[in-house]
1. With just the Cα atoms defining each centre, how far is the stretch 206-240 from the stretch 12-49? Give it in Å.
2. Among the aspartates and glutamates, select those whose C-alpha is under 19 Å from the C-alpha of Lys27, and discard any that sit fewer than 8 residues away in the same chain.
3. For helix 187-198, what angle does its Cα long axis make with the longest principal axis of the chain, in degrees from 0 to 90 and rounded to 10?
4. In whole Hz and in residue order, list the ³J(HN,Hα) couplings for the stretch 161-172 that follow from phi through the Karplus curve 6.51 cos²θ - 1.76 cosθ + 1.60, θ = phi - 60°; x for Gly and Pro.
5. Pick out which of Asn174, Asn18, Asn217 has the largest mean-square fluctuation in a Gaussian network model of the chain, springs linking Cα atoms closer than 10 Å.
6. Treating only the Cβ atoms of Lys and Arg (+1) and Asp and Glu (-1) as charged, compute the dipole magnitude of the chain about its Cα centre; round to the nearest 20 debye.
7. Taking percent of Cα pairs over 28 Å apart straight from the coordinates, which label in (1) 48; (2) 35; (3) 24 is the correct one?
8. Measure nothing but the geometry: give the 0 to 90° angle between the long axis through the Cα atoms of 124-133 and the longest principal axis through the Cα atoms of the chain, rounded to 10°.
Amino acid sequence: MLPIERRYMILELIKANNYLTIGEICKEISFSESTIRRDLKKLEHENLIRLTHGGCVFNDHSNSETPQVLRKASNLHLKRPIARYAADFVKDNQIIMLDGSTTVMEVIPFLRSRKNLTIITNCLTMASLVAQQLECQLFCTGGKYNAPSASFVGYTADKELKNWFADIMFFSVNSIDKHNGLTDQGDEIARVKSVMIEQSKQQILLADSTKFNRTSNYRLASLTDITNIITNEDPCFENSCWNEYRDIMTFVSI
């Protein structure tokens, strides 16, 4: 396991329990106490947790987002099959909007055979990935730079996106709940995604099952505002509460 994957696992454990001792974390992921302490110091430096005597607390009052580099390392075995399936929606000559989510980044290699695409994004990492792997017209918005997501946000980004009308938008969110809809950690990131949803004919949400049945800080859309959800098969969907959304949900076998 890479250090970045281990830190993401630790962060998710702390987030789920709110408070954990160092000993409890060691038992959960089977690493030495010295290794866990180093990881916790890095997470505290990034304002994601707060260290206490003998343990740590999730920094629930922080407005900071989980850094993109940490998110990219998580659940790759779920993200890639979802991304592969999503790529089949794209046809030649289409205009595609992409947010800066790490699941959407996994779609890019599967678009190499498409011709004459126009791709619009507000994310520098996404723009760089597209430029390296695809032959297409590429546009990246300006705006205020958001370091954790490596994306541009704010008035300028929103205004530039409103000049486009896309065929498809691919995006992900931090949390999905039947009652609270689609939510994210940051209001400015959520606002950009809301604009992309408004400016696209088809909105395709890529989200593995770990993101369902939970709620984050900022609401960006309801489930009825989007056309498709692609996720993995999971027992959590056997609950009848998701039945009314089955017509927009596709379950990918992992």
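1. Going from one Cα centre to the other spans 27 Å.
2. Partners found: Glu5, Glu12, Asp39.
3. Result, in degrees: 30.
4. 5, 5, 7, 10, 10, 9, 6, 9, 10, 9, 7, 9
5. For the chain, modelled as a Gaussian network with Cα springs under 10 Å, the answer is Asn18.
6. Using only the charged Cβ atoms, the result is roughly 500 debye.
7. Only one listed value fits the structure, namely (2).
8. Computed tilt is about 60 degrees.
Laboratory data are not the source of any read-out in this text; all were calculated from the coordinates shown. Please read these numbers as outputs of a predicted model, since none were measured by experiment. No Cβ is skipped: glycine too gets one built from the backbone with ideal geometry, and neighbour counts run over all protein chains shown.
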